[in-house]
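J.: Questions regarding the structure given below will be posed in turn.
The values are calculated or read from the model by the stated rules, or taken from the named source; none is laboratory data. Quick caveat, the model's predicted, so the values are computed rather than measured. Here Cβ is always computed from backbone atoms with ideal geometry, including for glycine, and neighbour counts include all displayed protein chains. Keep in mind that these areas ignore ligands, DNA and RNA; they rest on the heavy atoms of the full protein, side chains included. Shrake-Rupley method; radii C 1.70, N 1.55, O 1.52, S 1.80 Å.
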Amino acid sequence: HFLPDGALAGGRALSADWKRFLPALHRMREVGETPPTVAELARLTGMTRGQFSVRFHDLTGMPPVTYLVKSKVERVKARLCSPEPPRLEALARECGFHDAFHLSKTFKRVAWVSPKTYRLGLQKTVMA
């Protein structure tokens, strides 16, 4: 997600720029309890923090921190789709948020609905 259409699946070759960023993109997706810093991501690409931020924005259209937040919210959405999603506090730790309040606040800002409302919307869609 957030990569150009077909970049990883669909047979199109990645540009050298995209290939250079793959280790950082993979690290951003496997957030876990400790989200990466921009400095860590820059090291993975062999760039300075400033170079990384500028090139990342050029390639994705968003700063690294915005990409990371959106990736974390997408991970929460996926977990909310599971038959028995974890409680918000556990989900927050799993997806790299400080706590349930931080997860909920960020989720609302990015997805425009609360995690609970999102989950209820999914249930209504499945039952319809």
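J.: Considering only residues that are part of a helix (DSSP H, G or I), of a type in the set (A, V, I, L, M, F, W, C) and under 16 Å from T106 (Cβ atoms), which ones fall in region 19-67?
T.: Of everything in region 19-67, those that are part of a helix (DSSP H, G or I), of a type in the set (A, V, I, L, M, F, W, C) and under 16 Å from T106 (Cβ atoms) turn out to be M28, V65.
J.: Collect the residues in region 72-127 that are touching a residue at least 40 places away in the same chain (Cβ under 8 Å), open to solvent by 30 Å² or more (accessible area, probe 1.4 Å) and not in a helix (DSSP H, G or I), keeping them in residue-number order. Walk me through it before giving the result.
T.: Within region 72-127, the subset touching a residue at least 40 places away in the same chain (Cβ under 8 Å) is 72, 74-75, 77, 80-81, 93-96, 110, 118, 122.
Add one more test, that the residue is open to solvent by 30 Å² or more (accessible area, probe 1.4 Å), and what stays is 74-75, 77, 81, 93-94, 110, 118, 122.
Residue satisfying the conditions is C81 alone.
J.: Sticking with this one: Restricting to region 1-35, and then to whatever is open to solvent by 50 Å² or more (accessible area, probe 1.4 Å) and hydrophobic (A, V, I, L, M, F, W, C), can you tell me which residue is modelled with the lowest pLDDT?
T.: The first filter runs over region 1-35 and keeps only residues open to solvent by 50 Å² or more (accessible area, probe 1.4 Å), leaving 1-2, 5, 8-13, 15-17, 19-20, 23, 26, 29-30, 33-34.
If we keep only those that are hydrophobic (A, V, I, L, M, F, W, C) too, we end up with 2, 8-9, 13, 16.
On the way: F2: 52, L8: 46, A9: 41, A13: 52, A16: 73.
Only one residue fits best here, namely A9.
J.: How about region 38-56: which of its residues are open to solvent by 40 Å² or more (accessible area, probe 1.4 Å) and either farther than 29 Å from A100 by Cα or aromatic (F, W, Y) (or both)?
T.: R43, L44, G46, T48, R49, G50, Q51, V54, R55 - these are the residues of region 38-56 that are open to solvent by 40 Å² or more (accessible area, probe 1.4 Å) and either farther than 29 Å from A100 by Cα or aromatic (F, W, Y) (or both).
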